[in-house]
């Protein structure tokens, strides 16, 4: 599966920019919460979800507008920034790649109580929760979730589509592959590596080989 490249999230906001959230479940509710905390409520159009018929018509006051196909049709006529808030890592990247192919742009939702160094990079479409710290020269791939209180230390890399749960720590110089799940309060030690598609259970520590 092609992986979106790490890209720097521009800080400027176009006056006409609108944001759509794909996924109206639990992760979608987290995404809208972060956007609202950041004062971006007036930019949010609403939600798109293939299960829209079984969902409430509104979530936090924002409409559930239809399925992903409807969003794809909209992309052909007007620009929309998207946050893909699907919990499953592989499905999230698959949907994101299909939207990217149609010209979709991706917005990173940063909670105002998070800290991202000016010399770190966070890819498009990420959701960065309260209390997150991303230290200098770290690189977080596109469409990742960084849960509350998680840390990506200096010079570390997190692959596209990964899920870094609340309280998890990626140590300095560590490498986390694409579509990885780090469970709550787990950690990846300094210069340690976790391969793609691995799930690290809660509280587990991954040490560098030979350390």
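The values are calculated or read from the model by the stated rules, or taken from the named source; none is laboratory data. Keep in mind the model is a prediction, meaning the values are calculated, not measured. Positions of Cβ are generated from backbone atoms using ideal geometry, with glycine treated the same way; all protein chains shown enter the neighbour counts.
Numbers for the structure displayed
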{"quantity": "Breaking point among (1) buried (at least 17 other Cβ atoms within 10 Å of the Cβ); (2) in contact with a helix residue (DSSP H, G or I) (Cβ under 7 Å, 6 or more places away or on another chain); (3) at pLDDT below 85, for residue 2", "calculated": "(1)"}
{"quantity": "Filter result for residue 192 (crowded, with 22+ Cβ neighbours inside 10 Å and either over 27 Å from residue 37 (Cα atoms) or in contact with a strand residue (DSSP E or B) (Cβ under 9 Å, 6 or more places away or on another chain) (or both))", "calculated": "no"}
{"quantity": "Residues of region 38-52 that turn out to be closer than 23 Å to residue 96 by Cβ and either more than 19 Å from the chain's Cα centre (by Cα) or touching a residue at least 40 places away in the same chain (Cβ under 8 Å) (or both), as a count", "calculated": "5"}
